[in-house]
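Trainee: One structure coming up, written as structure tokens, with questions to follow.
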Amino acid sequence: MHTFVVIDFETTGLSPAHGARPTEIAAVLVRNGKIQDSYQSLMNAGVYIPYMIEELTGISNDMVRAAPKVSTVMQEVGEFVGDHPLVAHNAAFDKKFLDAEFARLKIKRRQEFVCSLLLARRVFPSAPSHKLSALATTLGLQGAKRYHRALADAEVTAHLLLHIKEALQERYRLPHISHELMLALQNVPRSQLAAYVAKYSAAKTI
DNA sequence: TGCCAGGCCCTCTTTAGGGCCTT
């Protein structure tokens with residue numbers, strides 16, 4: 001997994017099925033362990049941002065009103081992402097917004113998401129919390145002085161994924177962690193992680 | 001009118017409930 005793209009959405013709510021739309025997105029390209037490129041933009045979906053969410057993200061209705069149309073931004077995101085493997089923290093959330101916005105543009109997502117939340121729960125089970133900001137503190141990750149802005153969160157998630165990857169490599173003495181293995185591990189029960197990695201490694205070396 | 005997510009994961013579980021995580 002030498003190259004991947006981390007995605008983070010800020011939105012007007014929790015569910016696109018109930019009318020929530022994106023207000024901001026960031027995509028961060030990581031190659032060979034370093035952030036090499038990034039895309040970020042506010043976007044205007046013509047949907048009111050509730051006061052509570054304005055307070056949470058600092059993204060106001062005025063800011064979004066002056067931003068590019070959501071269709072323009074999502075088209076650019078599609079081009080930036082390309083076929084690279086995708087990563088997000090609690091990927092189920094970002095995936096459903098990405099798919100909902102892509103569907104409006106008749107764009108089809110071509111790759112699966114690796115979820116840094118699912119992996120962190122398995123690799124660092126004793127962390128006091130697995131929310132992004134808490135993991136950043138616990139693990140001493142490089143990153144954000146603030147949270148709940150798309151680029152800051154995407155950058156911290158990139159460092160988190162790299163940290164998880166290094167921990168797995170060190171713990172199981174693996175020379176390389178593939179996207180395929182990360183995708184599999186996020187769904188393996190925590191108690192079976194070591195056994196799964198051993199079986200996977202053996203199969204790959206035969 | 002009032003309400004409104006959903007999937008993971010643990011446990012005092014599996015004929016279920018509730019906390020966590022994303023905004």
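Trainee: Against the globular-protein guess of 2.2 N^0.38 Å, express the Cα radius of gyration of region A:141-206 as a ratio, rounded to two decimals. Present the calculation step by step, with values, prior to reporting the outcome.
Mentor: On the way: Rg = 14.4 Å, N = 66, 2.2 N^0.38 = 10.8 Å.
So the Cα radius of gyration is 1.33 times the expected 2.2 N^0.38 Å.
Trainee: Using Cα-only point scatterers and the Debye equation, what is log10 of I(q)/I(0) for chain A at each q in 0.08, 0.13, 0.16 Å⁻¹, rounded to two decimals?
Mentor: Values, matching the q order: -0.28, -0.72, -1.04.
Trainee: For region A:1-92, evaluate the Debye formula with one uniform point scatterer on each Cα (no solvent term) and list log10 I(q)/I(0) at q = 0.10, 0.13, 0.17, 0.19 Å⁻¹, rounded to two decimals.
Mentor: So the normalised log intensities are -0.28, -0.46, -0.75, -0.90.
Trainee: Moving on. Expected output is a single nm value to one decimal: the length gained when fully extending between A:SER60 and A:LEU139, i.e. 0.36 nm times separation in residues minus the C-alpha distance. What is it?
Mentor: Extending this stretch completely gives an extra 25.3 nm.
Trainee: Counting only C-alpha contacts under 8 Å and six or more residues apart, can you give the relative contact order of chain A as a whole percent?
Mentor: Dividing the mean separation by the residue count of chain A yields 21 percent.
Trainee: Now for a separate question. Taking θ as phi - 60°, what are the ³J(HN,Hα) couplings along region A:63-74 by the Karplus curve (6.51, -1.76, 1.60), each to the nearest whole Hz, with x for Gly and Pro?
Mentor: Each residue's phi maps through the Karplus curve to give 4, 6, 4, 8, 8, x, 4, 4, 5, 5, 5, 5 Hz.
Trainee: Arrange the following residues from fewest to most other Cβ atoms within 10 Å of their Cβ: A:MET52, A:MET74, A:MET63.
Mentor: On the way: A:MET52 9, A:MET74 23, A:MET63 16.
Neighbour counts put them in this order, fewest first: A:MET52, A:MET63, A:MET74.
Trainee: Between A:LYS69 and A:SER178, what FRET efficiency comes out of the Förster formula 1/(1 + (r/R0)^6) with R0 = 45 Å and r the beta carbon distance, rounded to 0.05? Provide the component values of the computation, followed by the final result.
Mentor: Details: r = 37 Å, r/R0 = 0.83.
That pair, A:SER178 with A:LYS69, gives E of 0.75.
Trainee: Next question, about the same structure. What 222 nm value per residue comes from the helices of chain A, counting each DSSP H run with n ≥ 4 as -39,500 (n - 2.57) and dividing by all residues, nearest 500 deg cm²/dmol?
Mentor: Working: 9 runs with 97 residues, N = 206.
The per-residue figure over chain A is -14000 deg cm²/dmol.
Quick note: the coordinates plus some simple rules give every number you see, no bench work behind them. The shown structure was predicted, so the numbers you read here are calculated from the model rather than taken from an experiment. When we count neighbours, we look across all protein chains shown, and the Cβ atoms used for this are built from the backbone with ideal geometry, even at glycine.
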